[in-house]
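The values are calculated or read from the model by the stated rules, or taken from the named source; none is laboratory data. Note that the coordinates shown come from a computational prediction; the quantities given were computed from them, not determined experimentally. Backbone-built Cβ (ideal geometry, glycine too); neighbour counts: all protein chains shown.
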Amino acid sequence: MANLLTVAGANRVLTIDWHSGQIQGFFDIPTDNLTLAPLFCRHIQARYQETPVVIVSPDVGGLVRARIVAEPLAADMAIIDKRRLNPGEATVMNLIGDVKGRVCILIDDMADSAGTLCQAAEALEAAGATTIDAYVSHGVLSGEALKKIDQSPLNRLVISDTIQPLPAVLNAPKIEILTAASLLGEAIHRIAHDQSISSLLR
């Protein structure tokens, strides 16, 4: 795909929250990968204000992503050790961290079938978490995802509009959508005027 974009005439690529940072190495043209972490942090601060929260990574691979959100909030962290048995299926094995009586916020880059998020929420509920929210950059939400979320212990799933939400997603009671438009707009403006976009990555 990187080669296809280049051959098609692209001379720069602007993206949001790659699943894997190594993707950048496949491009021979300048690439900028923005993160929604600052947007998520502001939303969490506004919602919970003085209430301490625990930022939770739903798997070990997402630890860095969760830390980027946890550090500005000075929040504690927890990790769910997950083993994937088959594609699209996940089994929660272990919870690392203290979540009992706490507000827990799961951070992930993508929710497709929502199996990982829902199983993580169940593990947190079993460990005594009082409120469980999730913040996900890209809401694919395929198949039975909305049904799983509705029946899960998740209090709220916050996604961005990097993928245009279908009417079913817009009307889902547990889902809230944040727009990434201002972040993208500012990045495009800075690129067009040869200005730094590094401050947008923090």
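Before we move on, is residue 142 in contact (Cβ under 8 Å) with a residue 24 or more places away in the chain, surrounded by 19 or more Cβ atoms within 10 Å (Cβ to Cβ) and hydroxyl-bearing (Ser, Thr, Tyr)? Considered against the rule, which asks whether it is in contact (Cβ under 8 Å) with a residue 24 or more places away in the chain, surrounded by 19 or more Cβ atoms within 10 Å (Cβ to Cβ) and hydroxyl-bearing (Ser, Thr, Tyr), residue 142 comes out as no.
Restricting to segment 136-181, give me the number of residues that are under 16 Å from the mean Cα position of the chain (by Cα) and of a type in the set (Asp, Glu). Number satisfying all stated conditions: 2. Going through 144, 125 one at a time, which residue ends up being touching a strand residue (DSSP E or B) at 6+ places or on another chain (Cβ under 9 Å) and of a type in the set (Asp, Glu)? Criteria check complete, one pass: 125. Looking at residue 153, is it over 14 Å from residue 44 (Cα atoms), at pLDDT below 95, part of a loop (DSSP other than H, G, I, E, B) and in the same structural domain as residue 52 (by TED's automatic domain parsing)? Judged against the criteria, residue 153 is not a match.
Remark: pairs (first residue in segment 169-188, outside any strand (DSSP E or B); second residue among the charged types (D, E, K, R); Cβ separation under 8 Å; 6+ apart in sequence or on different chains) = 172/150; 173/150; 174/150; 174/156; 179/161; 180/161; 181/161; 187/32. Among the residues that make up segment 186-198, is at least one of them surrounded by 12 or more Cβ atoms within 10 Å (Cβ to Cβ) and under 16 Å from the mean Cα position of the chain (by Cα)? The answer is no, given that none of the residues of segment 186-198 is surrounded by 12 or more Cβ atoms within 10 Å (Cβ to Cβ) and under 16 Å from the mean Cα position of the chain (by Cα).
Of the numbered criteria (1) among the hydroxyl-bearing types (Ser, Thr, Tyr); (2) assigned by TED's automatic domain parsing to the domain that holds residue 17; (3) under 16 Å from residue 17 (Cβ atoms), the one residue 196 fails is (3). Within segment 57-66, can one find any residue that is modelled with pLDDT of 95 or more and surrounded by 12 or more Cβ atoms within 10 Å (Cβ to Cβ)? Yes: segment 57-66 contains one or more residues that are modelled with pLDDT of 95 or more and surrounded by 12 or more Cβ atoms within 10 Å (Cβ to Cβ).
What about residue 116, is it assigned by TED's automatic domain parsing to the domain that holds residue 63, surrounded by fewer than 16 Cβ atoms within 10 Å (Cβ to Cβ), within 19 Å of residue 55 (Cα to Cα) and of a type outside the set (Gly, Ala, Ser)? Taking the combined requirement at face value, the residue does not satisfy it.
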